[in-house]
């Protein structure tokens, strides 16, 4: 599950997500990029870890793609 809000351009921007049953607040969106089908975000969560989350435009579905281990 991902919580999101409208960003400064009106696009959805993630603000929190649930990973392994724990809700993580996003403290920083470190990067954002677009493909034809997705909007992807590299985020830093309140646990200090980096994650990649993406939003599928057609399905209107969020997905946690990976956790970047430090």
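The values are calculated or read from the model by the stated rules, or taken from the named source; none is laboratory data. Source: prediction; values computed, not measured. Every residue, glycine as well, gets a Cβ built from its backbone with ideal geometry; the counts of neighbours run over all protein chains shown.
Residue 53 meets each of the listed conditions (1) in contact (Cβ under 8 Å) with a residue 40 or more places away in the chain; (2) at positive phi apart from (2). Return the residues of region 57-67 that are loosely packed, with under 13 Cβ neighbours inside 10 Å and either touching a helix residue (DSSP H, G or I) at 6+ places or on another chain (Cβ under 7 Å) or more than 14 Å from residue 17 (Cβ to Cβ) (or both); say none if nothing qualifies. Hits for region 57-67 are 58, 59, 60.
Taking region 39-49 only, how many residues are surrounded by fewer than 17 Cβ atoms within 10 Å (Cβ to Cβ) and in a strand (DSSP E or B)? Result for region 39-49: 2. Does residue 53 satisfy being at pLDDT 95 or above, part of a strand (DSSP E or B) and crowded, with 17+ Cβ neighbours inside 10 Å? Yes: the conditions hold for residue 53. Within region 1-26, if we keep just the residues that are over 11 Å from the mean Cα position of the chain (by Cα) and surrounded by 12 or more Cβ atoms within 10 Å (Cβ to Cβ), the residue that is modelled with the highest pLDDT turns out to be 23.
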